[in-house]
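Have a look at the structure below before the remarks.
The values are calculated or read from the model by the stated rules, or taken from the named source; none is laboratory data. Not measured: the values here are computed from a predicted model. Cβ coordinates were reconstructed from backbone atoms using ideal geometry, including for glycine residues, and neighbour counts include every protein chain displayed.
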Amino acid sequence: MTIYLAFLRGVNVGGHRKIPMDKLCSMMTSLGFHHVRTYIQSGNIVFSAGDEFQSAIEMKITNGIQAVFGFEVPVIIHTEEAIRRIILSNPFIADHASGTENLFLCLLKSVPDQEGMNKLREKVFVGEQLIADGDHLFLKIDGSYGNAKLNNNYIEGKLKLAATTRNWKTITAMLALADSIRP
């Protein structure tokens, strides 16, 4: 069994695309996943699954949400090991011994092409930085993420890819949750 972390894009935000986490856990279990846990109400799921292709698992969850809740939600999953590597490779961590409140991780549906990355880097926003690393972006946002120009919608628009962004506290809490379901 492999432990996965799934991140749903844009659920339970502003009263739109409501998915109760208890019903999401039930749906995941009915799809054959094990040790299903969620973290807060924004579509963060930890679970274990057999040796299926990651893309097949994403599709199974996407189809399950469509069938049970009646709408489509982009789903991005990574193995526990991949998230652990991402956490350890964050280039902004060394500068933030006092806290990580302004650090974010943007998970992309796939690795962006060079044209998209060039468009994303065309503008520089004061107090906002990004470092790309394959299928994810490390973000440092001075100030409120809610007021950031370098936000999830901007990133998706420039890269033409589905993306979902989480604060660093959520990412590390998800890894701790993954550790808790290890047999």
Candidate set: the range 98-128, residues that are in contact with a His (Cβ under 9 Å, 6 or more places away or on another chain) and not polar (S, T, N, Q); chosen: the one farthest from Lys169 (Cα to Cα): Leu108
Among the numbered criteria (1) modelled with pLDDT of 95 or more; (2) surrounded by fewer than 17 Cβ atoms within 10 Å (Cβ to Cβ); (3) under 18 Å from Asn152 (Cβ atoms), which single criterion is violated by His78? (2)
Segments classed as strands (runs of 3 or more DSSP E), wholly inside the range 128-183, with at least 3 members that are surrounded by fewer than 18 Cβ atoms within 10 Å (Cβ to Cβ) and not assigned by TED's automatic domain parsing to the domain that holds Ile40: 128-133
Of the residues Ile87, Ile83, Ile93, only one is β-branched (Val, Ile, Thr), out of contact with any His (no Cβ under 8 Å at 6 or more places or on another chain) and buried (at least 19 other Cβ atoms within 10 Å of the Cβ); which? Ile83
